[in-house]
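Notes follow the structure.
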Amino acid sequence: MESLTEVLREAIAAGTWTQAVLSQPRKGGGATADKVKIKPVLLKNGLHYQFAHYTGTKVLHENVAPEQTAARAEELLHAQYKQGLLQTSEADYHILFNKKDEAAVLKKKATKTSVELAHNRKKRYVLEEGTPVPFLIELGVMNGQGKVLAAKYDKFRQINRFLEMIDDVVPHLPGGRTVRIVDFGCGKSYLTFALYHYLREVRKLDLQVVGLDLKEDVIRHCNDLAERLGYDRLRFLVGDISRYDGMDAVDMVVTLHACDTATDAAIEKAVRWGAGVILSVPCCQHELFGQIRNEAMSPLLKHGILKERFASLVTDAARAQLLELLGYKTQVLEFIDMEHTPKNLLIRAVKEPGKGRPDGGKEQASVSRDPLSVEAAAYRGFTGMLGISPYLERALADKLAPQLTVPTSENEL
């Protein structure tokens, strides 16, 4: 087994270093960052290794000469971090420390065999500028040569951010059959067309996509555009989210800017369909504004604008936790929103096979050892503290009953 010093120095000398990550800060070690990423960069004065120190959403960069990089990385590992991963073009090296501060280096198959050395390189998008995309041209985002119009660049960024999120969930879509997708409240459908183009034209999936909205003129325009583009598996319908029954089962539900409890109605539909993927950008969360009661929080709640923002966060937190209880792995992500505020939130939920207990958890010997019961207790504590009863909980009461029913005696535990 090679020593830590040898591995680091050999990767520098051979020029095979692609990336390294130092993680798990040592207690009392003085680490000022959650993790450090190290990669080669080509600067004006030659090759260097960039140490990127990540703390939350902040990152500080430190460019180090090659002859000093191995020593600097080893110093950080011994003093501040308990774990490291060095990726080279030939192998991956997992670095772990024992209680005596002795490093064990485990060699495995290479997973990152190349690196781009350009510094401050142009951001790479899923849909690249300079490559004409028919639906973007039709929607006035690009011209015929693929150049993004200056006034539409925010929309171009939003579309690409959305497609990054779509790309992440592709492995969770079914294979070997038609993938059924519904977009509730599709509006002008920039993102609906983007989703269809990416999954059908780029990823070559067999699709059936339906966009639903209440505005007849918008739906007519979208259907005309889909026909011009030859998107024969994409159609748009006039309809209300809560009343739509055009499909018995759906694989992905998208809801972008459905106002207030319309978002909950779409999520309820998705859950009852057994959708494997839910993508939701909530809008105008008013429902809980009038419900929230908590004397200890009166300094916040007495100010209307603060209470409104807090109520929006509470609403989305409740939605995310309820989806967890229903068997979804849920994330709340930052999303670029072109219509309301510069930034917004997207709830991404992916159904986890085997999660949830259709039998109500009767096989569990102890609720205290059941992760779902812990999550349910956390949810109950959260809603009880604020005195709220979210629409989504009421709408899915039958589905949530096994998790949210509170035992009345120890015999029921």
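Against the definition (at negative phi and either surrounded by fewer than 17 Cβ atoms within 10 Å (Cβ to Cβ) or in contact with a Phe, Trp or Tyr (Cβ under 9 Å, 6 or more places away or on another chain) (or both)), how does Ile267 come out, yes or no? No, not satisfied.
Which residues, taken from segment 132-147, are more than 15 Å from Lys188 (Cβ to Cβ) and of a type in the set (A, V, I, L, M)? Quick ask: steps written out before the conclusion?
At the first step, the residues of segment 132-147 found to be more than 15 Å from Lys188 (Cβ to Cβ) are 132-134, 137, 142-147.
Within segment 132-147, Val133, Ile137, Met142 meet the criteria.
Evaluation of Ala318 against the conditions (1) surrounded by fewer than 18 Cβ atoms within 10 Å (Cβ to Cβ); (2) modelled with pLDDT of 55 or more shows that the sole unmet condition is (1). Exactly one residue among Leu392, Leu413 is surrounded by 12 or more Cβ atoms within 10 Å (Cβ to Cβ) and either modelled with pLDDT of 95 or more or acidic (Asp, Glu) (or both), and that residue is Leu392. Has segment 108-126 got at least one residue that is within 30 Å of Leu229 (Cβ to Cβ), part of a loop (DSSP other than H, G, I, E, B) and of a type outside the set (D, E, K, R)? Yes, segment 108-126 has at least one match.
Taking segment 133-249 as the region of interest, the strands (runs of 3 or more DSSP E) fully inside it that hold 1 or more residues being charged (D, E, K, R) and within 22 Å of Arg348 (Cα to Cα) are 179-184, 207-213. Taking segment 144-176 as the range and being closer than 17 Å to Ser280 by Cβ and β-branched (Val, Ile, Thr) as the test, the residues that pass are Ile166, Val169. Can you find even one residue in segment 260-270 that is outside any loop (DSSP other than H, G, I, E, B), over 21 Å from the mean Cα position of the chain (by Cα) and hydrophobic (A, V, I, L, M, F, W, C)? Yes, there is a match, as at least one residue in segment 260-270 is outside any loop (DSSP other than H, G, I, E, B), over 21 Å from the mean Cα position of the chain (by Cα) and hydrophobic (A, V, I, L, M, F, W, C). Of all the residues in segment 148-160, those that are surrounded by fewer than 12 Cβ atoms within 10 Å (Cβ to Cβ) and more than 18 Å from Lys188 (Cα to Cα) number 1. State yes or no: is Tyr198 closer than 21 Å to Val126 by Cα, surrounded by 14 or more Cβ atoms within 10 Å (Cβ to Cβ) and over 26 Å from the mean Cα position of the chain (by Cα)? When the stated conditions are applied, Tyr198 does not pass them.
Hey, can you tell me all the residues within segment 153-193 that are β-branched (Val, Ile, Thr) and either farther than 18 Å from Leu333 by Cβ or outside the structural domain of Lys215 (by TED's automatic domain parsing) (or both)?
Quick first cut of segment 153-193, residues β-branched (Val, Ile, Thr) only: 159, 166, 169-170, 178-179, 181-182, 192.
Thr178, Val179, Ile181, Val182, Thr192, listed by residue number.
Among the strands (runs of 3 or more DSSP E) confined to segment 1-94, the ones with at least 1 residues that are surrounded by 18 or more Cβ atoms within 10 Å (Cβ to Cβ) and small (Gly, Ala, Ser) are located at 17-25, 81-88.
Yes or no, residue by residue, for (1) at pLDDT below 85; (2) surrounded by fewer than 13 Cβ atoms within 10 Å (Cβ to Cβ); (3) touching a Leu at 6+ places or on another chain (Cβ under 8 Å):
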position	(1), (2), (3)
Pro299	no, yes, no
Ala311	no, no, yes
Leu326	no, no, yes
Thr330	no, no, yes
Ile347	no, no, yes
Val350	no, no, no
Gly356	yes, no, yes
Asp359	yes, yes, no
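Restricting attention to segment 300-333, the residues being free of Cβ contacts under 8 Å to residues at least 24 places away in the same chain and either part of a loop (DSSP other than H, G, I, E, B) or in contact with a helix residue (DSSP H, G or I) (Cβ under 9 Å, 6 or more places away or on another chain) (or both) number 10. Restricting attention to segment 28-85 and to residues that are among the acidic types (Asp, Glu) and more than 23 Å from Asn98 (Cα to Cα), the residue that is nearest to the chain's Cα centre (by Cα) turns out to be Glu62.
The values are calculated or read from the model by the stated rules, or taken from the named source; none is laboratory data. Since the model is a prediction, treat every value here as computed from it, not as a measurement. Positions of Cβ are generated from backbone atoms using ideal geometry, with glycine treated the same way; all protein chains shown enter the neighbour counts.
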